[in-house]
1. Can you tell me which residue among ALA254, ALA283 is out of contact with any Phe, Trp or Tyr (no Cβ under 7 Å at 6 or more places or on another chain), of a type outside the set (Lys, Arg), buried (at least 19 other Cβ atoms within 10 Å of the Cβ) and at pLDDT below 95?
2. Hey, can you tell me all the residues within the range 197-242 that are assigned to a loop (DSSP other than H, G, I, E, B) and basic (Lys, Arg)?
3. Among PHE215, PHE243, which is the only one that is under 23 Å from PRO66 (Cα atoms), in contact with a helix residue (DSSP H, G or I) (Cβ under 9 Å, 6 or more places away or on another chain) and open to solvent by less than 30 Å² (accessible area, probe 1.4 Å)?
4. Please verify whether PHE243 is at pLDDT 95 or above and touching a Ser or Thr at 6+ places or on another chain (Cβ under 7 Å), treating the condition exactly as stated.
5. I need a count of the residues in the range 168-184 that are in contact with a Cys (Cβ under 8 Å, 6 or more places away or on another chain) and closer than 15 Å to PHE243 by Cβ.
6. Kindly indicate whether any position in the range 113-134 is of a type outside the set (Ser, Thr, Tyr), in a helix (DSSP H, G or I) and under 15 Å from the mean Cα position of the chain (by Cα).
7. Select from the range 110-144 the residues that are polar (S, T, N, Q) and either at negative phi or crowded, with 17+ Cβ neighbours inside 10 Å (or both) and list them in ascending order.
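The values are calculated or read from the model by the stated rules, or taken from the named source; none is laboratory data. Fair warning: this is a prediction, and the values are worked out from it, not measured in the lab. Cβ placement follows ideal geometry from the backbone for every residue including glycine, while neighbour counts extend to all protein chains displayed. Just the protein is used for accessible areas: all its heavy atoms, side chains included, with ligands, DNA and RNA removed. Shrake-Rupley method; radii C 1.70, N 1.55, O 1.52, S 1.80 Å.
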Amino acid sequence: MWNPIKYSHLEWFQRDNHCIPKGPSFKWAPWKTMPLAGSRLRLKVPRHCPTHSTVKQFDLPFGKDPADRPMGSYSEMAMANDHWGYWRVLYRYYAFWGPWMSGCKAELGFGMSVVGRRKGSEYPNTSFFHPRAFESVLTEYLNDRYGHQRWGSTKNDPRPRHAGPFDWRLHYHLPVFGASCKIYDTGMDGKTLEGNPERLFFFPISDRHFVRVRFKRDLYARDNKGKPTYDASPVRDLQEAIFNSISLELGPEAQASYDRIKAQCPDMRLTETFAPLNWPTEATTPGEVYEPEQASHKALGF
């Protein structure tokens, strides 16, 4: 009963004493069920609880499949070209507060979207349910989303703004394969990894679309060595709890497509390793994507 007072969402003075910050309760979080591209996704996610009310959440209208409307466009800064589109699905932001009005110690951002190729840029004869095709699609997506950004103002500057993917992990707790990785920002030298990485989780949801789940931790109150002065495990625990709550039920069309690919490719596992990509890259035109017709449970901590 004292928690609302002890962990008040106020900051009267900063204090670097060791503590265990308190964030939203996962135990009492509601379940959400959402139609996605004809399939159904379910997860447990706490209510939006940001540090500032100006940070807005996003929810799909109840019962509305985002695939029933046109895909959104990425900004010119975010994507190297206009070949990709997306539907926003969910966005939450969570603050973790120190005791006795010592302020916000950390924040966790969580977002989910469905990504696909825009009309005219589709990959012909390719299903995202094929593991080799999916790996090729992810390579193209990561290059276009992160690989084109560089520190200099000219295309000849060799210093990338991002580095990855790192910590490639495979996940098989859904009826389709999935993979997670980390993408780091870099320092102005283009080599030093800085800050907390984006933690991304991808899995296919149709022949032409995949789901992208993103977590981003912001850890404040650090010592002179850059280490948090508090126990950051509640941030990690909430991230893993949300991730592990995700379940997927394929719709009839998606299930039929998946079964067709599985009949052609009995080994539906993704490649165990994925080396960091060579960035920056000139990702302005589509690359070659694996086309099978032309070719002879839960892991925590991501």
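1. Values: ALA254 fails: at pLDDT below 95.
Testing whether each residue is out of contact with any Phe, Trp or Tyr (no Cβ under 7 Å at 6 or more places or on another chain), of a type outside the set (Lys, Arg), buried (at least 19 other Cβ atoms within 10 Å of the Cβ) and at pLDDT below 95 leaves just ALA283.
2. First pass over the range 197-242, keeping only residues assigned to a loop (DSSP other than H, G, I, E, B): 205-208, 220-221, 223-227, 229-232.
Result: ARG208, LYS225, LYS227.
3. On the way: PHE243 fails: in contact with a helix residue (DSSP H, G or I) (Cβ under 9 Å, 6 or more places away or on another chain).
After applying the criteria, what remains is PHE215.
4. Numbers: at pLDDT 95 or above: yes; touching a Ser or Thr at 6+ places or on another chain (Cβ under 7 Å): no.
So PHE243 does not fit the description; no.
5. Here is the first cut: in the range 168-184, the ones in contact with a Cys (Cβ under 8 Å, 6 or more places away or on another chain) are 168-169.
Filter again for closer than 15 Å to PHE243 by Cβ, leaving 169.
Qualifying residue count, the range 168-184: 1.
6. Within the range 113-134, the first condition is being of a type outside the set (Ser, Thr, Tyr), and the residues that meet it are 114-120, 122, 124-125, 128-134.
Imposing the further condition that a residue be in a helix (DSSP H, G or I) reduces the set to 131-134.
From what is left, the residues that are under 15 Å from the mean Cα position of the chain (by Cα) are none.
No, there is no match, as no residue in the range 113-134 is of a type outside the set (Ser, Thr, Tyr), in a helix (DSSP H, G or I) and under 15 Å from the mean Cα position of the chain (by Cα).
7. Here is the first cut: in the range 110-144, the ones polar (S, T, N, Q) are 113, 121, 125-127, 136, 139, 143.
The answer is SER113, SER121, THR126, SER127, SER136, THR139, ASN143.
To keep it simple, each residue is scored yes or no on (1) open to solvent by 40 Å² or more (accessible area, probe 1.4 Å); (2) farther than 24 Å from THR126 by Cα; (3) at pLDDT 95 or above.
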position: TYR146; (1), (2), (3): no, no, yes
position: PRO158; (1), (2), (3): yes, yes, no
position: ARG161; (1), (2), (3): yes, yes, yes
position: PHE166; (1), (2), (3): yes, yes, yes
position: SER180; (1), (2), (3): no, no, yes
position: ASN196; (1), (2), (3): no, yes, no
position: ARG199; (1), (2), (3): no, yes, yes
position: ARG208; (1), (2), (3): yes, no, yes
